1. Report, by residue number, each residue of segment 109-142 that is in a strand (DSSP E or B), of a type in the set (S, T, N, Q) and under 17 Å from VAL168 (Cα atoms).
2. TYR137 passes all but one of (1) modelled with pLDDT of 80 or more; (2) aromatic (Phe, Trp, Tyr); (3) open to solvent by 20 Å² or more (accessible area, probe 1.4 Å); which number fails?
3. Check VAL109 against each of (1) surrounded by fewer than 16 Cβ atoms within 10 Å (Cβ to Cβ); (2) in contact with a Gly (Cβ under 9 Å, 6 or more places away or on another chain); (3) modelled with pLDDT under 85 and name the one condition it does not meet.
4. Just give me the residues in segment 182-212 being modelled with pLDDT of 85 or more and either open to solvent by 30 Å² or more (accessible area, probe 1.4 Å) or not acidic (Asp, Glu) (or both), in sequence order.
5. The conditions are (1) of a type outside the set (Ser, Thr, Tyr); (2) at pLDDT below 80; (3) closer than 26 Å to ILE113 by Cβ, and LEU80 fails exactly one of them. Which is it?
6. Kindly establish whether LYS130 is modelled with pLDDT of 85 or more, of a type in the set (Lys, Arg), in contact with a strand residue (DSSP E or B) (Cβ under 7 Å, 6 or more places away or on another chain) and open to solvent by 20 Å² or more (accessible area, probe 1.4 Å).
7. So which residues in segment 65-85 are among the acidic types (Asp, Glu) and assigned to a strand (DSSP E or B)?
8. Could you pull out the residue among ILE71, ILE55 that is open to solvent by 20 Å² or more (accessible area, probe 1.4 Å), at pLDDT below 70 and under 25 Å from ASN121 (Cβ atoms)?
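The values are calculated or read from the model by the stated rules, or taken from the named source; none is laboratory data. Note that this is a predicted model, so its numbers are computed, not measured. Note: ideal-geometry Cβ built from the backbone for every residue, glycine included; neighbour counts use all protein chains shown. Surface areas here come from the heavy atoms of the whole protein model, side chains and all, with no ligands, DNA or RNA. Shrake-Rupley method; radii C 1.70, N 1.55, O 1.52, S 1.80 Å.
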Amino acid sequence: IPYQESEYKIAAGFYDDSMNYWVVTRGGDWGIFQYNHQWELKRHITSLRPLSKTIVNEFSGYYNCKKYKDILYLTGSYGLIEWDLKRNITHLLKDGNVPYRFMANIIPVSSTIWWVRTIYNGVYVFDVTKDKFINHYEPVSLSSSNSLPDDLTGMFKTKKGIIYIITVKGLIEYDELKDKFSYSIMAKENKELPSPFISSVDDDANGMLWIG
């Protein structure tokens, strides 16, 4: 569905909150689009302005979004942004004075616990009821039990609930019982893969993984 212009926008994230469709874009001043279920545009916001005066730039360029109660959470180059839709207030979630930059997709592992992938800083675990991050899997060597490599290109949860981390080095599977990551497929060593770079993963109704 294009915006009401001749130019198409690049959609980065989509979310259905049962009343609205939310489409976020990650380029230029395209911003956030809110549609009803008949795909009629209700609202278009090019960027969210931060409440804090210490951050001079607007929040623009979004990767993903999820809604919890009356708050829409958005990932982007600044980190995780929460937008209170009732009060129309935005807030950047951070640890001390250091924002979580370059956050990408959000994977709900339960109704209140989300995994938030960054591009260069591992994966954060976010508790929406506490409104804070409760764990961080840092981007270090896989020699430790709960660590991740530097560049994470994607994150995916299968219909059975298995979480996979997509990296430039291969596909990593998370073992929830052991709280451990391990390479499921080493892209550079598996001759069946046509490329050493994995960009996307999906599973079908039979539980088979499709790797792009």
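1. Hit for segment 109-142 is THR118, nothing else.
2. (3)
3. Condition (3) is where VAL109 drops out.
4. Result: ASP202, ASP204, ALA205, ASN206, GLY207, MET208, LEU209, TRP210.
5. Checking LEU80 against (1) of a type outside the set (Ser, Thr, Tyr); (2) at pLDDT below 80; (3) closer than 26 Å to ILE113 by Cβ, the one that fails is (2).
6. So LYS130 does not fit the description; no.
7. Across segment 65-85, the qualifying residues are GLU82, ASP84.
8. The conditions single out ILE55.
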